[in-house]
Amino acid sequence: MANLGYIGLGVMGSRMADRLLSKGHSVTGYNRTRSKAQWLIDRGMTWADTPRALAEAVDVVFVMVTNSAALEAVALGPDGILAGMGPGKILIDMSTVSPEVSRSIVARVRERGGDMVDAPVSGSVITLEQGKLSVMVGGERATFDRVKPLLEDIGPKVTHVGGNGLAVSMKIAVNLSLAVQMLAFSEGVLLAEKSGIARETAVDVLTHSVVASPMVQYRGPFVLGLPDEAWFDMNMMQKDMTLALEMGRRLSVPLPTTAVTNEFLTAARGSGLAEKDFAAMFHLLARLSGVSA
């Protein structure tokens, strides 16, 4: 049993903290809104009033927040994670953030005698609940070896991809493909529907065809009805697409389908779908096609 902390108890983070609790670990949690974490407190999680208090109380700190600014907000300052870090402590950042921001925080953690890995995940709520989540890890090999058993308690596939910042780079590369696939899937459904095929039939055929990636299989049916709570909303996806486009410019990698899909995300947000799951790009394309979503 390890003494762990988890900061950022949103849709995914809360379920990961719950998974760690179920594995017998001691978990201390912090979230900006305590009420969202009450069910975990009822499950046995200890509450910390600040990220610093949490970091002081545990040996390994997990964090999963929305973006680079949110990571800096919980990591820096007198009540931040860094203020509570000390020799031997490890920070595992599971957020999808700028690789440069991630590396800048690594340097500060090491100044305090600790270490950090970036460990974003590939998968969704359903993947996590099914025990099929995969984790990418960037950081020193010795630190990876130390935290790998903890990450395997979250998901069975844990891969060391290289040095610090490379796991978030890999995650950004993964996520751009998710949005592009979802837009292409929506095009296929609408083309079939307008030709006279029932939408439900088109979804069934496509999700059992050669184009049916795991993401298409679990998110494709969302075009028939969105979940009440977004698994990954438009704002979050556009944040990742923007990171991808910034990386593409810096590394001289053209990303044409990413750029087009990003514009659809902008249009979807502008049409009032910002807080819906990014599968709601289908709804925007349906409107443009003269079809009721």
- request: Could you tell me what percent of the accessible area of region 101-211 is made up of carbon and sulfur, with a 1.4 Å probe and every protein chain present?
  value: 55
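When the accessible area of region 40-91 is split by element with a 1.4 Å probe, what percent falls to carbon and sulfur?
Values: 1070 of 2050 Å².
Answer for region 40-91 is 52 percent, counting heavy atoms of protein chains only.
According to the square roots a ≥ b ≥ c of the eigenvalues of the Cα gyration tensor, what is the shape class of region 1-91, taking rounded for a/c under 1.5, prolate for a/b larger than b/c otherwise, and oblate for the remainder? Could you put the intermediate results ahead of the total?
Values: a/c = 1.73, a/b = 1.22, b/c = 1.42.
It comes out oblate by the Cα gyration axes.
At 1.4 Å probe size, with every protein chain present, just tell me what the per residue accessible area of region 1-101 comes to in Å². Please list the in-between numbers first.
On the way: 3930 Å² over 101 residues.
The answer is 39 Å² per residue.
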query: Considering the dipole of region 145-254 built from charges on the beta carbon (Lys and Arg +1, Asp and Glu -1) around the Cα centre, which of L178, S209, G220 is farthest to its positive end?
result: L178
Note, ³J(HN,Hα) from phi for region 58-71, Karplus 6.51, -1.76, 1.60, rounded to Hz, x at Gly and Pro: 10, 9, 10, 10, 8, 9, 9, 10, 6, 7, 4, 4, 5, 5
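Just the number please: accessible area per residue for region 113-205, 1.4 Å probe, all protein chains included, in Å².
Accessible surface, normalised per residue, equals 40 Å².
The values are calculated or read from the model by the stated rules, or taken from the named source; none is laboratory data. All values reported here derive from a predicted model rather than from experimental measurement. We place every Cβ from the backbone using ideal geometry, glycine too, and count neighbours over all the protein chains shown. To get the accessible areas, we keep the full protein, side chains included, count just its heavy atoms, and leave off ligands, DNA and RNA. Shrake-Rupley method; radii C 1.70, N 1.55, O 1.52, S 1.80 Å.
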